[in-house]
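Report on the following structure.
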Amino acid sequence: MSTVLVEWDRLQLGARVDDVLDVYAEAMEVPRMAARSRRSVLAGHLDRHGLRAVAALDGPQLVGIGYGYLGAPGQWWHDQVRAAMAPTLAEAWLTDAFEVCELHVRPSRHGTGLGRDVLLTLLAGTSAGTAVLTTPDRETRARQFYRAGGWQDLVRGLEFPGDPRSFAVLGLRL
Ligand SMILES: CC(C)(COP(=O)(O)OP(=O)(O)OC[C@H]1O[C@@H](n2cnc3c(N)ncnc32)[C@H](O)[C@@H]1OP(=O)(O)O)[C@@H](O)C(=O)NCCC(=O)NCCS
């Protein structure tokens with residue numbers, strides 16, 4: 001079956017929250033129910049300014065998803081990342097930034113160019129001057145994927161409250 005990329009509005013994204021979290025669970029190798037406990041986090045993003053979502057669909061099945069929005073002070077992730085940056089770095093990267101919140105592809109489809117297609121489509125439609133995201137600060141597949149796409153390390157060793165993992169903040173000029 002051929003895969004199509006579709007831009008979803010906030011209503012479509014909201015209607016498919018469980019599918020999005022199932023793709024997240026598979027891609028991140030976490031239990032499905034643990035992933036679904038993130039429903040309220042995703043729901044809280046639906047009214048964010050500049051929200052964009054791109055779905056990769058095989059017929060009705062969601063096989064990849066990316067979404068993000070234009071970040072702003074007062075939002076939890078934005079404030080955590082800003083606090084980890086020197087003011088000049090934050091000014092350069094966070095003042096007009098599309099924050100990539102989720103990007104996930106089902107493992108059976110990894111390495112087929114789908115992640116890149118979803119990400120490029122997602123970023124192509126934003127007005128922002130930069131894109132930023134966090135990813136575990138390890139040599140993961142995602143880290144290599146972003147590096148290959150031109151993303152640069154802005155911050156390393158970032159820790160979020162309540163999460164034992166260490167994260168890197170990555171940025172891309174658009
Ligand atoms: C990260 C992820 C979205 C990438 O999607 P993907 O469809 O597997 O990646 P693509 O096939 O589009 O790769 C695009 C390019 O990235 C690079 N790349 C991807 N995986 C790589 C790897 N393991 N090593 C080196 N380069 C890699 C290559 O340059 C590749 O281009 P090429 O196919 O021309 O060689 C996907 O692997 C995934 O969902 N991972 C688990 C969830 C996750 O970590 N998401 C990100 C959270 S921040």
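Bear in mind these aren't lab numbers, they're just calculated from the coordinates by the rules spelled out. Predicted model, so just to flag it, every value in this text is computed and none were measured. Note that each Cβ is placed from the backbone with ideal geometry, even for glycine, and that neighbours are counted across all protein chains shown.
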Looking only at the stretch 44-65, decide whether some residue is part of a helix (DSSP H, G or I) and not polar (S, T, N, Q).
yes
State whether the residues of the stretch 85-99 include one that is within 19 Å of Phe145 (Cβ to Cβ) and either in a loop (DSSP other than H, G, I, E, B) or touching a residue at least 24 places away in the same chain (Cβ under 8 Å) (or both).
yes
Which of the residues spanning the stretch 100-118 are buried (at least 23 other Cβ atoms within 10 Å of the Cβ), within 7 Å of the ligand (Cβ to nearest atom) and assigned to a helix (DSSP H, G or I)?
Gly115
Is it the case that some residue within the stretch 15-23 is of a type in the set (D, E, K, R), surrounded by 18 or more Cβ atoms within 10 Å (Cβ to Cβ), within 15 Å of the ligand (Cβ to nearest atom) and in a helix (DSSP H, G or I)?
yes
I need every pair where a residue in the stretch 25-50 that is free of Cβ contacts under 8 Å to residues at least 24 places away in the same chain has its Cβ under 8 Å from the Cβ of a residue that is aliphatic (A, V, I, L, M) and assigned to a loop (DSSP other than H, G, I, E, B), sequence separation at least 6 or different chains.
His49/Ala72
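Condition check ((1) on the phi < 0 side of the Ramachandran plot; (2) more than 11 Å from the ligand (Cβ to nearest atom); (3) among the hydroxyl-bearing types (Ser, Thr, Tyr)) across all residues:
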{"residue": "Gly66", "(1), (2), (3)": "yes, no, no"}
{"residue": "Val81", "(1), (2), (3)": "yes, yes, no"}
{"residue": "Leu89", "(1), (2), (3)": "yes, yes, no"}
{"residue": "Trp93", "(1), (2), (3)": "yes, yes, no"}
{"residue": "Asp96", "(1), (2), (3)": "yes, yes, no"}
{"residue": "Leu123", "(1), (2), (3)": "yes, yes, no"}
{"residue": "Thr126", "(1), (2), (3)": "yes, yes, yes"}
{"residue": "Thr135", "(1), (2), (3)": "yes, no, yes"}
{"residue": "Arg143", "(1), (2), (3)": "yes, no, no"}
Yes or no: Thr3 in contact with a strand residue (DSSP E or B) (Cβ under 9 Å, 6 or more places away or on another chain) and among the hydroxyl-bearing types (Ser, Thr, Tyr)?
yes
Show me the strands (runs of 3 or more DSSP E) found entirely inside the stretch 119-174 where at least 1 residues are aromatic (Phe, Trp, Tyr).
167-173
With the requirement that a residue be in a loop (DSSP other than H, G, I, E, B) and in contact with a strand residue (DSSP E or B) (Cβ under 6 Å, 6 or more places away or on another chain), what does the stretch 66-78 give you?
Gly71
